[in-house]
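Before any comments, here is the structure.
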Amino acid sequence: MIESAVRQPRSATDRGALGSTGLLVSGVCIGTSPLASMPELYGYAVDRELAVQTVETVFDSGLRFLDTSNGYGDGGDGASERRIGEAIARRGGLPDGFVLASKADPDPVSGRFDGERVLRSFEESLERLGLESLPLFYLHDPERISFSEATGPGGAVEAMIALRESGRVGSIGVAGGPIDVMLNYVRTGLFDAVLTHNRYTLLDQSALPLLQEARSRGMGVVNAAPYAGGILAKGPEAHRLYMYGAAPDETLARSARLQRLCERYGVPLPAVALQFSLRQSLIDSTVVGVSDPRRVDDLIANSERAIPPELWAEIHAVDSESVS
Ligand SMILES: NC(=O)c1ccc[n+]([C@@H]2O[C@H](COP(=O)([O-])OP(=O)(O)OC[C@H]3O[C@@H](n4cnc5c(N)ncnc54)[C@H](OP(=O)(O)O)[C@@H]3O)[C@@H](O)[C@H]2O)c1
């Protein structure tokens, strides 16, 4: 297991700088893809009212960072943004100092993902959320188009920069999966923040070079999916999916080993999986997906639970492999 500079884990509610964006964010950001109800990715459906109440509970907690996307929802129908928009409307606006980030997605029908589509995607997001601007807006999963297409004239990146210049977006980020693709975007020097997912967890640390590169440039660094989509929270018996697909036997076995180790020390697996990210000094905020109001208090408690140093030492001895 590879782990670079570690610090005392930040509490979920501690606020710190998101790189040099000027934004202050909590150590944990709430991810909202599960509450959009996407049973094919998470294995269960989520009721609309429960989702809206989850967002309201987040607003009432010390957490100050929420992550969504134009495309979160069954068939990319924007259910996540609509449900968040409903919570914002019930509260008469976002709480003070709250950072809400969304992402540009391709047209769900044509797949078009050029500059015009990025601008349209942004307008759709604002309409669903009932807002007029966003402090942080990401280009989402740019691995869906070629780098030259995205960075060429009329491409998605040009539109992202235009949105920042217009002042309707405070900072722009790039959010996606494959590390080589993400490094290409980070090295353009055009983005203020990067979001990586599923690649800095107890099961996979292949994002480390990306975290280091982004940090050396003063970018905001966000690590999403510390539970690898749920297996490191619910455990491999209850949740047999890894990164939104059937978990390979080897992953189920490694997760079970990690769970047994945590049990031996009397610490819940999700607390260890969460703090693995919270104690990484290269990461400004960790995005955790939840779809139930009761998760919010659990999450804060898990971020603050004492974890014996001996457990970390043993965790480091558990084999780890990278995924591509
Ligand atoms: N390309 C991208 O930009 C990208 C990719 C992936 C993720 N993300 C963002 O990052 C967020 C996090 O990723 P993720 O949601 O896919 O994965 P995750 O955070 O690794 O895991 C989410 C899962 O963990 C479960 N969970 C959370 N706390 C739990 C607890 N205490 N006990 C039991 N189960 C618990 C949730 O269950 P419940 O639903 O039952 O609460 C959900 O099934 C996403 O929601 C999204 O906002 C972005």
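Quick note: the coordinates plus some simple rules give every number you see, no bench work behind them. No experiment lies behind these values; they were computed from the predicted model shown. Cβ sites come from the backbone with ideal geometry, for glycine too, and all protein chains shown count toward neighbours.
Only bridges with both residues in the range 151-257 count here: give the DSSP antiparallel percent, nearest 5.
In the range 151-257, approximately 20 percent of DSSP beta bridges are antiparallel ones.
Less than 5 angstrom separates the built amide H of Gly289 from those of Gly31, Ala225, all sequence-distant by 5 or more or on a different chain. Averaging 1/r over each pair of different alpha-carbon atoms in the range 4-113 and inverting the result gives 15.1 Å, the Kirkwood hydrodynamic radius. Rounded to the nearest 20, the size of the Cβ-charge dipole of the range 168-289 about its Cα centre is 160 debye, with Lys and Arg at +1 and Asp and Glu at -1. Close amide H contacts of Arg64 (hydrogens built in the peptide plane, cut-off under 5 Å, sequence separation of 5 or more or a different chain): Ser26. Among beta bridges identified by DSSP and lying wholly in the chain, the antiparallel ones come to about 15 percent. The fewest-to-most ranking of Thr32, Thr13, Thr57 by surrounding Cβ atoms within 10 Å reads Thr13, Thr57, Thr32.
Report the gain in length on full extension from Ser146 to Ala45: 0.36 nm times residue separation, minus Cα-Cα distance, nm rounded to one decimal.
33.1 nm
Going by C-beta contacts inside 10 Å, put Ser110, Ser11, Ser146 in order with the fewest on the left.
Working: Ser110 8, Ser11 16, Ser146 12.
Taking fewest neighbouring Cβ atoms as first place, the list is Ser110, Ser146, Ser11.
Which part of the range 88-110 falls in the paramagnetic zone of Asp77, meaning amide N under 16 Å from the point 7 Å along Cα-to-beta-carbon? Of the residues in the range 88-110, 108-109 have backbone N under 16 Å from the label point off Asp77.
The range 240-289 and the range 180-217 have Cα centres spaced 20 Å apart.
Listing Arg279, Arg83 from fewest to most neighbouring C-beta atoms within 10 Å gives Arg279, Arg83. What is the list of residues in the range 147-161 whose amide nitrogen lies under 17 Å from a point 7 angstrom out from the Cα of Ser110, following Cα to Cβ? Of the residues in the range 147-161, 150, 154-157, 159 have backbone N under 17 Å from the label point off Ser110. Every Cα-Cα pair of the chain was included, and the share exceeding 33 Å stands at 19 percent. Our estimate of slack between Ile161 and Thr13, defined as 0.36 nm per intervening residue step minus the Cα-Cα distance, is 50.2 nm. Ranked from largest, the principal axis spans of the Cα set of the range 233-294 equal 32, 28, 27 Å.
For the range 235-244, the Karplus equation 6.51 cos²θ - 1.76 cosθ + 1.60, evaluated at θ = phi - 60°, returns couplings of x, x, 7, 7, 10, 9, 10, 9, 6, 6 Hz by residue, with Gly and Pro reported as x.
Backbone phi angles across the range 26-31, fed through the Karplus curve with coefficients 6.51, -1.76 and 1.60 (θ = phi - 60°), yield HN-Hα couplings of 6, x, 10, 10, 8, x Hz in residue order; Gly and Pro are listed as x. Note on the chain: with charges restricted to the Cβ of Lys and Arg (+1) and Asp and Glu (-1), its dipole about the Cα centre is near 600 debye. Close amide H pairs (under 5 Å, H built 1.01 Å from N) link Ser37 with Val46, residues at least 5 positions away or on another chain. Karplus-derived 3J(HN,Hα) values for the range 211-218, using 6.51 cos²θ - 1.76 cosθ + 1.60 with θ = phi - 60°, are 4, 5, 4, 5, 5, 5, 9, x Hz; glycine and proline are entered as x.
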